[in-house]
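What follows is a single structure, and I will ask about it in a moment.
The values are calculated or read from the model by the stated rules, or taken from the named source; none is laboratory data. Since we're looking at a predicted model, the values are computed, not measured. Positions of Cβ are backbone-derived with ideal geometry, glycine not excepted, and every protein chain shown enters the neighbour counts.
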Amino acid sequence: MLVLTRKVGEQLLIGEDVVITVLEVRGDGIKIGIDAPRDVKVQRREVLLSVSETNLESARAASPEAETALKALFGVQEQGDPAQPRDTGSAAPRESTETDDSGRPQ
């Protein structure tokens, strides 16, 4: 880890495209500005870790019934389940083979 001391207005360059500027120093915190190309992800580590942890807790807390219900909703079969996928009504309609009194299809 590189440790530097910077004053307000001073900048750091990371690679050729990322510039970090010290904007303000207040008490035990600093305000920085980050200038980076749009394709460079800039994320706060503590927020990313918190979201990941929350997602993991939610996944662990989900009941087996909830998982089964979601799989049924989306037509996903359990391995070894001989049941056929749900009919979603998206198949093409079948032609009628019934005829009226004149012999025309109904």
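With of a type outside the set (Phe, Trp, Tyr), in contact with a Ser or Thr (Cβ under 7 Å, 6 or more places away or on another chain) and modelled with pLDDT under 85 as the only criterion, which of 82, 105, 93 stands out?
Every option except 105 fails the conditions.
Restricting attention to region 1-43, report how many residues are among the basic types (Lys, Arg) and surrounded by 10 or more Cβ atoms within 10 Å (Cβ to Cβ).
The initial filter retains those residues of region 1-43 that are among the basic types (Lys, Arg), namely 6-7, 26, 31, 38, 41.
Pick out the ones that are also surrounded by 10 or more Cβ atoms within 10 Å (Cβ to Cβ) and you get 6, 31.
Total satisfying the criteria: 2.
Something else about it: Kindly indicate whether residue 56 is modelled with pLDDT of 55 or more, closer than 30 Å to residue 34 by Cβ and surrounded by 10 or more Cβ atoms within 10 Å (Cβ to Cβ).
Considered against the rule, which asks whether it is modelled with pLDDT of 55 or more, closer than 30 Å to residue 34 by Cβ and surrounded by 10 or more Cβ atoms within 10 Å (Cβ to Cβ), residue 56 comes out as yes.
Kindly check whether there is at least one residue in region 27-37 that is under 23 Å from the mean Cα position of the chain (by Cα) and in a helix (DSSP H, G or I).
No, every residue in region 27-37 fails to be under 23 Å from the mean Cα position of the chain (by Cα) and in a helix (DSSP H, G or I).
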